[in-house]
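Asker: Below: one structure in structure tokens.
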Amino acid sequence: MDSLKVAPVTAPANTAPPSTLGKTELLGRAMTDPDFRQRLFNDPEGTIAADGYVIDDETLTQLKALDPQAAEQAAAALGDEFKNREAAC
């Protein structure tokens, strides 16, 4: 009997295995990755599935209700805070 050969599954570079990608990782990436944030607002379900995140329905509903402009402003403020902290070190 022939044995079944299965190719190893590898995660994309610089990402955690899908089983560890939840709400915290999703929100962190959305705040720090402008391209991901744009994809998330354009197609939340598709982006979440394609990138291997696992979130509950309540979180998905909350993401869909977010104002993209407010999210951009929050991300910019977070980026400014990181720059200020780096400069202080």
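Asker: What ranking do 24-37, 67-80 get when scored by the average of other Cβ atoms within 10 Å per residue, highest first?
Answerer: Per-residue mean Cβ counts within 10 Å order the peptides as 24-37, 67-80.
Asker: What length, rounded to one decimal in nm, is gained on full extension from GLN69 through to GLU81, with 0.36 nm per residue of separation minus their alpha-carbon distance?
Answerer: 2.5 nm
Asker: Right, next: If I model a spin label at GLN62 and ALA88 as a point 7 Å from the Cα along the Cα→Cβ vector, what separation in nanometres do I get?
Answerer: Each label point lies 7 Å from its Cα, and together they span 2.7 nm.
Asker: Label the range 18-88 by shape, choosing from rounded, prolate and oblate, from the square roots a ≥ b ≥ c of the eigenvalues of the Cα gyration tensor; if a/c is under 1.5 it is rounded, and otherwise prolate applies when a/b is larger than b/c, oblate when it is not.
Answerer: prolate
Read-outs throughout are calculated quantities, based only on the coordinates presented, and are distinct from any laboratory measurement. For clarity, every value in this text was computed on a predicted model and none was experimentally measured. Don't worry about glycine lacking a Cβ; one is built from the backbone with ideal geometry, like all the others, and counts go over all protein chains shown.
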